[in-house]
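Take a look at the structure below.
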Ligand code: AMP
């Protein structure tokens, strides 16, 4: 069964009615695909109460970004979730917090900004100033309303989940962040709501991103000299479609010169759309 909640007040009341220590939470911006569904499935498996939020957060979009055209598809999203519940969790209830009014999250006069610091200004933060402050601020507000014990997020947005883990650690929030692996199309493209902006030619171009990450991952696994790997990265980055391609430490996201506990992160443009992807190497 699905119950849709439209206001923060309703959500607070609902949350106060639960005494369980197993509240699972999946924050999203909607337009759900199998990546989102994998997070929801994990939450439903592990928790008694499950809440998914759908909110296209204006604070995380830059002035020239796609906030107004971001796909808002609540009816289809509900159908997809109904399908999952009917097939795998017929006894469970899912609460969908889908505020229709931005004021439910940011009431008149809201002025707080949650910023994790330097880590928010590198990689994607460099070309999207303010983006991650928007993310950490909305997630903090959602955590305050939902009071989850476990929150499920995708490694697709590796920098995002790393920043949320840091916020939770620094602010001593009693929430376990569960990072889930990337779900990909059969061709290897990481699923993303923004893939819907691409035509078939641009999808072919976009596949360069996962292919390149895989090539770099192979060189690292073969323990090729880091200098030669870095030279290869430099030559890839001469192509103007690339925003960044970096080998980073998984925890700090600083450039790493190791072969272990690293993540290869990339961002590039395909047609009008900026895409991100990564490969984790342990
Ligand atoms: P979004 O709706 O894009 O804000 O994403 C909501 C959550 O779904 C975030 O934690 C994302 O990292 C996660 N997510 C998005 N795409 C994927 C994917 N392809 N595989 C796994 N998780 C994903």
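Can residue 80 be described as touching a strand residue (DSSP E or B) at 6+ places or on another chain (Cβ under 9 Å) and either under 27 Å from residue 134 (Cβ atoms) or surrounded by 19 or more Cβ atoms within 10 Å (Cβ to Cβ) (or both)? No; evaluated as a whole, the condition is false for this residue.
Residues in the range 140-151 that are away from the ligand (no atom under 14 Å from the Cβ) and in a loop (DSSP other than H, G, I, E, B): 147, 149. Of everything in the range 152-177, what is in a helix (DSSP H, G or I) and either near the ligand (Cβ under 9 Å from one of its atoms) or without any contact (Cβ under 8 Å) to a residue 12 or more places away in the chain (or both)? Give them in sequence order. Across the range 152-177, the qualifying residues are 155, 156, 157, 158, 160, 161, 164, 168, 169. Residues in the range 249-274 that are buried (at least 17 other Cβ atoms within 10 Å of the Cβ), in contact with a helix residue (DSSP H, G or I) (Cβ under 9 Å, 6 or more places away or on another chain) and under 18 Å from residue 215 (Cα atoms): 262, 263, 264, 265, 266, 267, 268. The residues in the range 77-87 that are without any contact (Cβ under 8 Å) to a residue 24 or more places away in the chain and over 15 Å from residue 41 (Cβ atoms) can be counted, and the count is 1. Here residue 279 meets the list (1) in contact (Cβ under 8 Å) with a residue 40 or more places away in the chain; (2) out of contact with any strand residue (DSSP E or B) (no Cβ under 6 Å at 6 or more places or on another chain) almost entirely, failing just condition (2). Enumerate the helices (runs of 4 or more DSSP H) found wholly within the range 178-257, keeping only those where 3 or more residues are within 16 Å of the ligand (Cβ to nearest atom) and out of contact with any strand residue (DSSP E or B) (no Cβ under 7 Å at 6 or more places or on another chain). Helices (runs of 4 or more DSSP H) meeting the threshold: none at all.
Read-outs throughout are calculated quantities, based only on the coordinates presented, and are distinct from any laboratory measurement. The structure presented is a predicted model; accordingly, all values stated were derived computationally and were not measured. Counting neighbours? That spans all protein chains shown, and the Cβs are built from the backbone with ideal geometry, glycine included.
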